[in-house]
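These notes are about the structure you will find just below.
Bear in mind that the values in this text are calculations on the coordinates, not laboratory data. Model, not experiment: these values are computed from the prediction. As a convention, Cβ positions derive from the backbone with ideal geometry for all residues, glycine included, and neighbour counts pool all protein chains shown.
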Protein chains: 2
Amino acid sequence: MSQYDVLCIGNAIVDIIAQCDDAFLSENGIVKGAMNLIDAERAELLYARMGPAIEASGGSAGNTAAGVAGFGGRAAYFGKVADDELGRIYAHDIRAQGVAFDTTPLPGEPPTARSMIFVTPDGERSMNTYLGACVELGPEDVEDDKARGAKVTYFEGYLWDPPRAKEAIRLAAAHAHQAGREVSMTLSDPFCVDRYRDEFLELMRSGTVDIVFANESEAKSLYRTGSFETALEAIRKDCRIAAVTRSELGSVIVRGDETVVIDAVRIEELVDTTGAGDLYAAGFLHGYTAGLGLKACGDLGSFAAGLVIQQVGPRPRKNLRDEARRAGLL
Amino acid sequence: MSQYDVLCIGNAIVDIIAQCDDAFLSENGIVKGAMNLIDAERAELLYARMGPAIEASGGSAGNTAAGVAGFGGRAAYFGKVADDELGRIYAHDIRAQGVAFDTTPLPGEPPTARSMIFVTPDGERSMNTYLGACVELGPEDVEDDKARGAKVTYFEGYLWDPPRAKEAIRLAAAHAHQAGREVSMTLSDPFCVDRYRDEFLELMRSGTVDIVFANESEAKSLYRTGSFETALEAIRKDCRIAAVTRSELGSVIVRGDETVVIDAVRIEELVDTTGAGDLYAAGFLHGYTAGLGLKACGDLGSFAAGLVIQQVGPRPRKNLRDEARRAGLL
């Protein structure tokens, strides 16, 4: 018997979200649409220049865990916050969503991670992440029972940025595979792929990872190609299942010779793309761990992504399970 | 020459906003639609029961200051935060909106105030406020130059809850009137009116306050009447100008024998009523300090209130000046 459907591991980050125009991004050297890593000093500088903001718990894999729980799945999460106000907010939000979260908070400095997210009028988000307490996540934070007891252990490529999180991932993946479970990752960001291309490919080719999530840019970056088709054929060979998202073009799922094309859902208004990929993974993994076929998994992913991009913030405020039922998907 | 259009004084509060159903309110003894004052212990208890939330700077008069600045007016604010993470977020947000905010933060305990706001499916908000550092606001926080230099000094009735803020208000009002300026207040909440009825009436009848904002329930509570007309005729005699809001019925402004009826604006979807009264006051006072007539002031108030209730959180994310221009109001 599995204890959890999905265990997610990631950088535990509070999002600080404000609007800006495109000129602001270029004036401040922010790469649009990307996750820009920043240090404490630049965090202060950017915050001083940032407009009025709202705060919401985020972190890629944390959003996915919240999404799985929102669908009614059993989710757990490993991630490092500090023992401070933002850390307590983070822990509250993910637990209040029904996710099992027991990683010991870091006493003292550095503080809980935060990402200043600038949303431009086109709905695109550009992130500026100060990793804070996340740099302390390590193998000692892997709770063996959860890694062995989850149908799928899912982690973010972003975890290659802090120094020791990759050790935690290798340990958790070993536990999971020993228990006959599956392991999944998201490539996270095209620049992140560029920083850790060889390691990500090794994770896939060695079978450490079974299921890979990527968007089109990340897949192209992984194989240094401008062709989506080339990237798709390459990723098909490198892992058991790959789901590649393409924004308004939907997504494509490949498993061996099988190819499943998923339409994007129609939305009324694109507000903020933050969390789109995370919620796609949540919908997919909820369907997958419930035993649904790839088409149904992809449809749930598209549906959840479509919900989250019509609001400000990375975790849907609407009830995913109720909305998916209303849409006839569950 | 005035240095500011509007100086706002209030409890500096970070809002923690989540959704709930009506059963949750009654199970937890929360008075619907009201501001429920809570202590630290109950704050912890309620937070543990609260769903996933987002955080946004709030506080009634703080929202009004942000609204005035959002319209392009010159706004200042007095309010007490602690020297902690939420206090820094509060200060950032109000300054980033262009409001002059220089109140010295409280070193040490208690922490920055927070209000857990539960939004029910009908869009109504029910607030649970832990006053924290706000209890330390006192006359030493009145910056004379700002009180003398603002066309209107505006404060919230909620300031009668902390022990010494009323002394700050009397001092600021004295400075303002000595400089030939006007003083305005909001009655804040029907239960707040019930707590301080005699003092509020004395503020109005003594001429300490020139312009009063109230909603229908507050006006009725002030005069212990179930009749809107009775309340309106009474408030007409007790202050120079009164603006009484009536939700979807719009608002009524009285000045001596004059009566101006303002329609509510049409909205697409009522999401969260938090900040409606605060933004009405912002629009009104922006128009008033720009020299507009009462009808135009009321229309700006209605417009700003209509914007903020179509989003989650108490301060409009849309640019008030741009939107008002587009609507032909500025």
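For the segment B:310-317, counting C-beta atoms of other chains within 10 Å of every residue's C-beta and taking the mean gives 3.
Comparing B:272, B:39, B:15 in a Gaussian network model of chain B where C-alpha atoms under 10 Å apart are linked, the largest mean-square fluctuation is found at B:39. Largest GNM mean-square fluctuation among A:102, A:198, A:210, using chain A with Cα springs under 10 Å: A:198.
Using the Cα gyration tensor of chain B, with a ≥ b ≥ c the square roots of its eigenvalues, what is the shape: rounded (a/c below 1.5), prolate (a/b larger than b/c) or oblate (neither)? Here chain B falls in the rounded category. For the stretch A:218-297, a simple Cβ point-charge model (Lys and Arg +1, Asp and Glu -1, everything else neutral) yields a dipole of about 360 debye relative to the Cα centre. Hey, in the GNM for chain B with a 10 angstrom Cα cutoff, which one of B:179, B:282, B:76 fluctuates hardest? It is B:179. Inter-chain Cβ neighbour count for A:93-106, averaged per residue, equals 2 (cutoff 10 Å, partner chain atoms only). Among the trypsin sites (Lys or Arg not before Pro) within the stretch B:163-192, not one is in coil by DSSP while having at most 10 neighbouring Cβ atoms inside 10 Å. When the stretch A:52-93 is described by a simple charge dipole with +1 on each Lys and Arg Cβ and -1 on each Asp and Glu Cβ, the residue from A:79, A:90, A:56 located farthest towards its positive end is A:79.
Computed about its Cα centre, the charge dipole of the protein assembly as shown is approximately 840 debye, with only Lys, Arg, Asp and Glu carrying charge at their Cβ. Counting only whole DSSP H helices of chain A, there are none at least 27 Å long by C-alpha along their axis and with mean Kyte-Doolittle hydropathy no lower than 1.6. Under the convention that each Lys and Arg Cβ holds +1 and each Asp and Glu Cβ holds -1, the size of the dipole of the stretch A:1-113 around its Cα centre is about 400 debye.
Placing +1 on the Cβ of each Lys and Arg and -1 on the Cβ of each Asp and Glu in chain A, which of A:1, A:245, A:307 has its Cα farthest towards the positive end of the resulting dipole? Comparing the listed Cα positions along the dipole, A:1 ranks first. Checked against a 28 Å cut-off, the cross-linked pairs B:220/B:318; A:166/A:220; A:32/A:220; B:80/B:146 give Cα-Cα distances beyond that limit for B:220/B:318.
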